[in-house]
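Worksheet for the structure shown next.
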Amino acid sequence: MVDQPFIQLNRVNKWYGEFHVLRDISLSVAKGERIVICGPSGSGKSTMIRCINRLEEHQQGQIFVEGIELTNDVKNVDAIRREVGMVFQSFNLFPHLTVLENLTLAPIWVKQMPKAEAEDIAMTYLKRVQIPEQAHKYPGQLSGGQQQRVAIARSLCMNPKVMLFDEPTSALDPEMIKEVLDVMVELAESGMTMLVVTHEMGFARTVADRVIFMDRGEIVEEDTPEEFFTHPKSDRTKLFLSQILGH
Amino acid sequence: MTDIAAGSVSRPPAAQTGVVGWLRQNLFSNWFNCALTFLALYVIVVGGKALVDWALLDATFVGTFEDCRKGTGACWAVVAEKRHFMLFGTYPYEEAWRPAAATALFIVTLLVSTRRSLWGRPLMIGWIASFIVMGVLMRGGVLGLTPVTTENWGGLPLTLMLSSIGIIAAFPLGLVLALGRRSTMPIIKALSVAFIELVRGVPLISVLFMASVMFPLFLPEGVTIDKLLRAQVGIIMFAAAYIAEAVRGGLQAVPKGQFEAADALGLSYWKSMRLIILPQALRIVIPPLVGIFIGMFKDTSLVLIIGLYDLLNAVRTSINDPNWRAFGTEAYIFAAAVFFVFCYFMSKYSQYLERLLAAGRNR
């Protein structure tokens, strides 16, 4: 029991209609581990991490988070969602609330935290993502990079034990990618358990403990970034790497 | 280009800007438009003069029906003469202050509610208190007020009550129906769809008719439910079905990511609806919702089919007096003016609300 995996997927399968989107996915993630998941579009990477907080339901196999199994039981789902933060490609900030209200909403309504305390915590995280001065603006008034940093802070306010990132920089203009990646690197250095779906191979190299390559619903290869980038084993990985690193 | 280089500001030619430019572009751009402009001007002047003569200059504002017959213009005296029946229907004449006070209280509460800073629980309690006071004023029987049965309620207070209570009660019901229609639970979904489609599929007049004529047939012997209350329930059900469909449109317009973000933060279904989804959905559907509200306000006139005297029916009945029968146009204009004031207020207020709630959302 020294290293019970924090997240465990056992032979998880999922179909969209006839389309077999996840095939026998098995994966275990230890506490504090940083994992980068890459692969061509439609390979099931997003679906896989979305299964971990049940934004998608898996149809076969088992998923455990901190020893709790994800089932149809709403209690389990709620318990797991409290431990798992998520950052989306399209930010998904609440446009009708100010930045500060976006951050304090879940602590106040889910954790029943007093408003003042929730605001203190929110300001701490806004400072950490370098935008405390935007607290009283609305998301629509911020740049994409700022919005994504707010979204990261919003997740952190719930004090999650693991953070899922679903292509967090794909919707950003190039000059804003760095500011978001910097926040993610800082988060990784603080010891957060992270699963990151991304095409930012620089980030994978510097931060990841493991890189997972998915294609057509399967985990094709799984290795340290060093090995993964210098000695890819499968042909599909080689092809993928040549496509995204080739220019 | 040399101007710009020299640093001076270049302007469009004077003939294309300002009043002159506007006139030129819109009214006098060619000979045909010039002709149309002058023709329209002629019609406006002649028609306008006739209208002003009739409605103001030659009109009789005070006097008897004989004075009116002598005059050539409008007879506004009919409004003064029949004001009690027009505004309050068959409500006892000597108790007129009661419906007047109830109407005034309603309007004050409404105006107070327009202030966004006051929205909240106290205002809700204020509305309930207002309705109770209005009910006591109208009904009487306590505090030394003579009892007046609902049969004799009528006119403006009746129109305001039927429509405002109708809208206030139909709104939450409509929300629940809209959520029900989008529910993943099959029975709830089926019930919501059935209710909405059934009610929307029949005219309001038949709902009112059923409420007044058929509904009592299903009640056990000796049990009666007030006719006014039955009409009110009919109006609420009808409005709820329309509101539900408008709100459903709004729910569909909220991006899927908003639902996912709320889920991912661990918000329960009801909390995410209340805090995240509905505030966005409702902002989107303000225009169709206010359209429904305005429609409901005017449709309350249909209660005349079951013998209630709403404002319009009261006005219509008031000119049955043979002496004043000739002046129906003036009476109807009065009724139209009262309806217009309330509808225009709703319309303007909804525009204000849209701007208010859009604050900060657009760059």
Looking at segment B:263-276, which of its residues are over 35 Å from the mean Cα position of the chain (by Cα) and under 15 Å from A:A151 (Cβ atoms)?
B:D263, B:A264, B:L265
For residues in segment A:110-122 being assigned to a helix (DSSP H, G or I) and within 22 Å of the chain's Cα centre (by Cα), which is nearest to A:F94 (Cα to Cα)?
A:A122
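Can you tell me which residue among A:E179, A:E83 is at negative phi, within 12 Å of another protein chain (Cβ to nearest Cβ) and among the acidic types (D, E)?
Values: A:E179 fails: within 12 Å of another protein chain (Cβ to nearest Cβ).
That would be A:E83, the only listed residue that is at negative phi, within 12 Å of another protein chain (Cβ to nearest Cβ) and among the acidic types (D, E).
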In segment A:130-149, the residues that are outside any helix (DSSP H, G or I), more than 12 Å from every other protein chain (Cβ to nearest Cβ) and in contact (Cβ under 8 Å) with a residue 40 or more places away in the chain
A:Q130
Of the residues in segment A:153-180, how many are surrounded by 22 or more Cβ atoms within 10 Å (Cβ to Cβ), in a helix (DSSP H, G or I) and not small (G, A, S)?
3
Restricted to segment B:244-253, and to residues that are out of contact with any Ser or Thr (no Cβ under 9 Å at 6 or more places or on another chain) and open to solvent by less than 50 Å² (accessible area, probe 1.4 Å), which residue is farthest from the other protein chains (Cβ to nearest Cβ)?
B:E245
Selected residue (only one of A:I25, A:I52 is touching a residue at least 60 places away in the same chain (Cβ under 8 Å) and out of contact with any Asp or Glu (no Cβ under 8 Å at 6 or more places or on another chain)):
A:I52
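So, in segment B:202-243, how many residues would count as being assigned to a loop (DSSP other than H, G, I, E, B), open to solvent by 60 Å² or more (accessible area, probe 1.4 Å) and of a type outside the set (A, V, I, L, M)? Steps first, please.
To start, the set of residues in segment B:202-243 that are assigned to a loop (DSSP other than H, G, I, E, B) comprises B:202-203, B:219-226.
After this cut, where a residue has to be open to solvent by 60 Å² or more (accessible area, probe 1.4 Å) as well, the list is B:203, B:220-224.
Retained after the next criterion (residues that are of a type outside the set (A, V, I, L, M)): B:203, B:220-222, B:224.
Selection size over segment B:202-243: 5.
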Can you name the strands (runs of 3 or more DSSP E) wholly within segment A:26-100 that have at least 3 residues being closer than 27 Å to B:S272 by Cα?
A:60-65, A:84-87
With the requirement that a residue be under 18 Å from A:V150 (Cβ atoms) and either part of a helix (DSSP H, G or I) or touching a Phe, Trp or Tyr at 6+ places or on another chain (Cβ under 9 Å) (or both), what does segment B:247-262 give you?
B:G257, B:Q258, B:E260, B:A261, B:A262
A:W109 passes all but one of the listed conditions (1) modelled with pLDDT of 90 or more; (2) touching a Leu at 6+ places or on another chain (Cβ under 7 Å); (3) more than 20 Å from B:Q258 (Cα to Cα); the exception is number (3)
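Please specify each residue of segment A:33-77 satisfying the condition of being more than 14 Å from chain B (Cβ to nearest Cβ), exposed (fewer than 15 other Cβ atoms within 10 Å of the Cβ) and of a type outside the set (S, T, Y).
Of the residues in segment A:33-77, the ones more than 14 Å from chain B (Cβ to nearest Cβ) are A:33-45, A:48, A:58-64, A:66-67, A:69, A:71, A:73.
Then keep just the ones that are exposed (fewer than 15 other Cβ atoms within 10 Å of the Cβ); that gives A:41-42, A:59-60, A:62, A:67, A:69, A:71, A:73.
Hits for segment A:33-77 are A:G42, A:Q59, A:Q60, A:Q62, A:G67, A:E69, A:D73.
Results for (1) more than 14 Å from chain A (Cβ to nearest Cβ); (2) among the hydrophobic types (A, V, I, L, M, F, W, C), shown as yes or no for each residue.
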residue: B:P255; (1), (2): no, no
residue: B:S268; (1), (2): no, no
residue: B:A281; (1), (2): no, yes
residue: B:I292; (1), (2): yes, yes
residue: B:F297; (1), (2): yes, yes
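The values are calculated or read from the model by the stated rules, or taken from the named source; none is laboratory data. If you're wondering where the values come from, they're calculated on a predicted model, not measured in any experiment. Here the Cβ is made from the backbone with ideal geometry for all residues, glycine too, and neighbour counts use every protein chain on show. Accessible surface is based on the protein model in full, side chains and every heavy atom, while ligands, DNA and RNA are left aside. Shrake-Rupley method; radii C 1.70, N 1.55, O 1.52, S 1.80 Å.
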